[in-house]
Amino acid sequence: MEFDTQLLYPHDQALLAVMIFVIMLGMGASLTVNDFRAVARRPRGVLVGFLSQFGLMPLIALGLSVVLNFDPAFAIALILIGCLPGGTTSNMFTYFSRGSVALSISMTTASTVMALFMMPILLKAYTGRFIAEISAGMRAAGAEADFVIPTGNIISSLVLVLVPVAMGMVLRRKSPDWAKVAEDTAGFVAVIVILYLIGTAFIRHGALFGQTPWQVYAGTIGLGMVGFFFGYWFSRLIGMFPLFQRAVSLETGIQNGPVSFAIILLSFREPVQSQMLWLAILYSTFIVMSSSVITLYFRKRGKLDYDIHKNSVIHNRLFGENYVTEYPEGFLPRRLLKDPSQGSCPAQVRG
Amino acid sequence: MNDRIQAENLALLYREAALRFGEMPAFATRKSALDWSPVSYREIYEEGLNLATGLIDLGVKARDHVGLFGDNRYEWMLSDYAVLLSGAADVPRGRDITDNELLYIIDHAGIEVAFVENEDLHTRLLSLRSRLPLLREIIVLDPEAIPRDGARSLNEVTQLGMSLRQQGDRRAEERIEAIVPDDLFTLIYTSGTTGKPKGVMLTHANMISQIRNLPGHHNCSDRAISVLPIWHIFERVIEMYTISFGGCTYYSSVLTLGDDMRNVEPTFMASAPRLWEKMHERILKNIRSSHPVRQILFHIAYFLARNYTVSRYFITNKNLKLKPQPLWKRALFMPFHLVRWVIVLPWYGFFNAAVLERVRLGAGGALRETISGGGALPIHIDRFFNFIGISVMEGYGMTETSPVISVRSNDNLVVGTVGPPIPETEIRLTDPETGELVYPNSQKPRGGRAMRGEIWVKGPQVMKGYYREPELTSQTIVDGWLRTGDLGMITFNDCVKILGRSKATIVLSSGENVEPEPIEMRLQQSLFIEQCMVVGQDRRHLGALVVPSLNEFRTAGFDVPTIGDISASPEAKRIIRDEIRRMTAGGNGFRSYEQVRAFRIMRDSFRVGEELTNLFKIKRHIIAEKFEAVIEEIYSGENGKK
């Protein structure tokens, strides 16, 4: 598909930049140095997160692009989103889906840092054939140069995005009260951003929704959903407890949307920029909806194992850390037989 | 999934719980904030058998009445186990029982063996002993109290029973087998809003039916906090219910409740309106003292939650329906609610997650669905909690019905009502004056819904009768129908709405009937009014006794050390007058004869045990008697008049 005009006018872009700044500041405000230390304490969980976020997701994105026969610009955008680190939204959804918030935060933290190295490598590895297609198109249109992935620009945009995160962390140290405000405001702004982008697109380019091929809808919705699915079963295969499966699943499917806006705006030019941006907007919109649905499902499905986990933790909190809760026979789900606390209390581990 | 134990009587319930839940903690006692000691289902059952054998050896016979005077603690529950396992019934009352009540109850119930909780009760009972010829044995619960003058410690009796059981004594087992469902498990003397205490006879079958019929999905990973008085039937039914699915009951106290809620993170509990009011105050205080941006966020969140929830209630037919609603009217409003619901949903979703969840965590951790009983929940508190996502299940019942008659459940959450009757329970409304059947009555318009009447109840939870009061029993239970003395109506979603005590009804000299409770509840919504009682029987207009809120007057800048000082201030009097006028203004749905036209500010607050019942309900006849002169004064001079 072709864009006659720019999707976003310069003043929209400026506004978007401010909002990305606020969101990333809020993300930083929710992090502490301890969260980074915690990454080291959970090497296995973080490794699983790493594998599913930088191993599975880019492959899923690539696979969807090929299977759905995407335009090259859309394909690059989808792969770019597939390579993104996790965002703070995943922590909130994990909390409500009765998953391990601690693991979710660790994975977000680790992947944000890791993205600096991984994103350029992965993009280079997976986007080759699409780049060739674009270049061929450009040459046919009379351009001189080939299309290249602006690796340097991507890294500098990532670094730029991390600046407000660092500022947020400083804010948290200086004034926890303001940090809380920044955190809440960021969440609020994130909702506004998505609605604003969708809203303006709808008003200015109402026809866009109709022109967008169904494959793009399938891809943007599918990326998150397939990510949830693989994250869930991959961590199950590794032998993780349900509590952590839910965290890995959501962390895998939910990517840091605002970072993709920043990278696309700062690193890409037309003719691909508008298309890429449009795909990022669609992904950000659908991921909120599909995460909500998945969260409701996890919440219901995870109630029993979460209640048992919680009860075991509270027993150890109140009755001493050596207390062992002996649940009646036939009560524990098979997966919790060995450790009803799901890895939270050493004393609760059986034989 | 139903994880509840179905047993024929409570002794079998205890036995089955020990078999099924074995080493799971059944009860936990607080030593410090993060140090609690658990007792398992097996332990309490075995201890209970030992103690029961000790009791049998001390001469407790099947179907005897054993006194049990004390408040919530593990030893209370152990004694209850022992009494039931020995085939007897207990007669429970709290620490605050008066000497006169002790004398009356021990004599009336024919108590020979009594448990007392502490030193104070022990001493008082010893000094009354000469007037209690029947009382043979006193057993002291508190391990730290020293038994004197022939009294025994709990441990002594348990040891006695244990050595007997080691020698093969199985009399307790024989007693358990001999229990029939119609045997009493408890004899509860109600503090009696009128006259002398009445002994309510509740049977094993009564309580077992409650365990079977209470709504809820719980299992052995649930935690309950116990803070309401255990000898009150409402707390007791919750503890019995908890045993039936293997949950753990944590004994808290009013002083440590806030901490304990955070540490224990109870999943449910028996609660009373007063607790919710306190929690409501605490939440609002926290919000007022938080960052201005966060205050704004909370207000947005609450606004969204209100709109979302109200529309959801409408769409799912859970709105309070006191009037018949024609189909076309519903159809007319439905699009509005559907649209509002859809528009608000994403915003509500976000604010619910980001703002309200934190408020809920601050209020009560894992608490999600909690039954409130023992008095009417003020509607604004009710709405507040249901809007912010803590489902308050208001229930209705009385000691005579063991106690639950009706309760809201998640499927039937109509705010402003006490839900539909629980299974196996029939309700009928009768005109208190004419005795005519109001509901269910096909002769009446709409089958008698939305019409006021006295609530009559029939069901497996209805008591056997009042002990040694056959006449009173036959006045209260007629043809199997228990007359509650409460006024109510049935809404159009078949829930019960309570409209006040028929006996509390004030008849003005003009002949108008006034229910004081809704007016009092309304007045108490004023921050300046802590408690109040509306009076006016046979007078030309209503009056009120008002206990002002010391805190609020201090906040407003009054230099008042005590409540007495407020009553002396003319400025305070003006404030209260304006508040009363504001609260009961015609626009708020009060008719002109329902306006409070005169009042007196009390010099002291109403106290539990004196003017208030243990569940903070006002004892009308006591207050009317005690403050007769003040009430006279309201109606005599110009003072306090408008």
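Observations, loosely collected:
- Some residue of segment B:8-15 being among the charged types (D, E, K, R), within 12 Å of chain A (Cβ to nearest Cβ), touching a residue at least 60 places away in the same chain (Cβ under 8 Å) and not in a loop (DSSP other than H, G, I, E, B): no
- Members of segment A:32-68 found to be under 19 Å from the mean Cα position of the chain (by Cα), among the hydrophobic types (A, V, I, L, M, F, W, C) and under 19 Å from A:I131 (Cβ atoms), listed by number: A:L59, A:A61, A:L62, A:L64
- Yes/no for B:M463 being surrounded by 19 or more Cβ atoms within 10 Å (Cβ to Cβ), modelled with pLDDT of 90 or more, outside the structural domain of B:V418 (by TED's automatic domain parsing) and not basic (K, R): no
- Unique match (being away from chain B (no Cβ under 14 Å) and either among the hydroxyl-bearing types (S, T, Y) or in contact (Cβ under 8 Å) with a residue 60 or more places away in the chain (or both)) among A:S292, A:S312, A:S267: A:S267
- Scope segment A:63-75; condition part of a helix (DSSP H, G or I) and surrounded by 21 or more Cβ atoms within 10 Å (Cβ to Cβ); matching residues: A:L64, A:S65, A:P72, A:A73, A:F74, A:A75
- The condition of being assigned to a loop (DSSP other than H, G, I, E, B), touching a Lys or Arg at 6+ places or on another chain (Cβ under 6 Å) and of a type in the set (G, A, S) does not hold for B:A18.
- Looking only at segment B:270-297, and only at residues there that are touching a helix residue (DSSP H, G or I) at 6+ places or on another chain (Cβ under 7 Å), more than 10 Å from every other protein chain (Cβ to nearest Cβ) and of a type in the set (A, V, I, L, M), the one that is nearest to B:G397 (Cα to Cα): B:A270
- No other residue among B:Y189, B:Y241 is modelled with pLDDT of 95 or more and either within 18 Å of the chain's Cα centre (by Cα) or within 14 Å of chain A (Cβ to nearest Cβ) (or both) apart from B:Y241.
- Restricting segment B:294-327 to residues that are aromatic (F, W, Y) and touching a residue at least 40 places away in the same chain (Cβ under 8 Å) leaves a set whose member that is nearest to B:V392 (Cα to Cα) is B:Y313.
- Subset of segment A:302-349 (residues that are within 25 Å of A:S235 (Cβ to Cβ) and among the charged types (D, E, K, R)): A:K303, A:D305, A:D307, A:K310, A:R334, A:R335, A:K338, A:D339
- Condition check for B:A52: touching a Ser or Thr at 6+ places or on another chain (Cβ under 6 Å), closer than 24 Å to B:V200 by Cβ and either assigned to a helix (DSSP H, G or I) or within 14 Å of chain A (Cβ to nearest Cβ) (or both): yes
- Condition check for A:V193 on (1) touching a residue at least 24 places away in the same chain (Cβ under 8 Å); (2) away from every other protein chain (no Cβ under 14 Å): one failure, at (2).
- The criterion of at least 3 residues that are of a type in the set (D, E) and within 14 Å of chain A (Cβ to nearest Cβ) is met by none of the strands (runs of 3 or more DSSP E) wholly inside segment B:338-422.
- Residue in segment A:156-175 that is over 15 Å from A:V18 (Cα atoms), of a type outside the set (F, W, Y), surrounded by fewer than 19 Cβ atoms within 10 Å (Cβ to Cβ) and within 14 Å of chain B (Cβ to nearest Cβ) present: yes
- If you go through segment B:22-48 and keep only what is of a type in the set (A, V, I, L, M, F, W, C), buried (at least 23 other Cβ atoms within 10 Å of the Cβ), more than 15 Å from B:I5 (Cβ to Cβ) and facing chain A (nearest Cβ under 10 Å), you end up with B:A28, B:W36.
- Failed criterion for B:L523 (all others in (1) more than 21 Å from the chain's Cα centre (by Cα); (2) touching a residue at least 60 places away in the same chain (Cβ under 8 Å); (3) surrounded by fewer than 22 Cβ atoms within 10 Å (Cβ to Cβ) hold): (3)
- For segment B:399-406, the count of residues that are buried (at least 18 other Cβ atoms within 10 Å of the Cβ), more than 18 Å from B:T203 (Cα to Cα) and modelled with pLDDT under 95 is zero.
- Residue ranges of helices (runs of 4 or more DSSP H) in segment A:175-266 with at least 3 members closer than 30 Å to B:H291 by Cα, outside the structural domain of A:R334 (by TED's automatic domain parsing) and under 20 Å from the mean Cα position of the chain (by Cα): A:176-204
- For B:D3, the conditions (1) out of contact with any helix residue (DSSP H, G or I) (no Cβ under 7 Å at 6 or more places or on another chain); (2) at pLDDT below 95 are fulfilled apart from (1).
- Neighbours by Cβ (under 6 Å, 6+ apart or cross-chain): first from segment B:247-266, among the β-branched types (V, I, T); second in a helix (DSSP H, G or I): B:T249/B:E239; B:T249/B:T242
- Residues in segment B:278-322 that are touching a Leu at 6+ places or on another chain (Cβ under 8 Å) and β-branched (V, I, T): 1 in all.
- Some residue of segment B:313-322 being in a helix (DSSP H, G or I), at pLDDT 90 or above, assigned by TED's automatic domain parsing to the domain that holds B:G373 and surrounded by fewer than 17 Cβ atoms within 10 Å (Cβ to Cβ): yes
- Any hit, segment B:88-101, residues being free of Cβ contacts under 8 Å to residues at least 12 places away in the same chain and part of a helix (DSSP H, G or I): yes
- Test set (1) over 23 Å from B:R607 (Cα atoms); (2) part of a strand (DSSP E or B); (3) aliphatic (A, V, I, L, M) - B:M533 fails condition number: (1)
- The residue pairs whose first member lies in segment B:553-564 and is part of a loop (DSSP other than H, G, I, E, B), whose second member is among the basic types (K, R) and modelled with pLDDT of 85 or more, and whose beta carbons are closer than 9 Å, counting only pairs six or more residues apart or on different chains, are B:V560/B:R554; B:T562/B:R603.
The values are calculated or read from the model by the stated rules, or taken from the named source; none is laboratory data. Please read all numbers here as calculations on a predicted model, not as lab measurements. We place every Cβ from the backbone using ideal geometry, glycine too, and count neighbours over all the protein chains shown.
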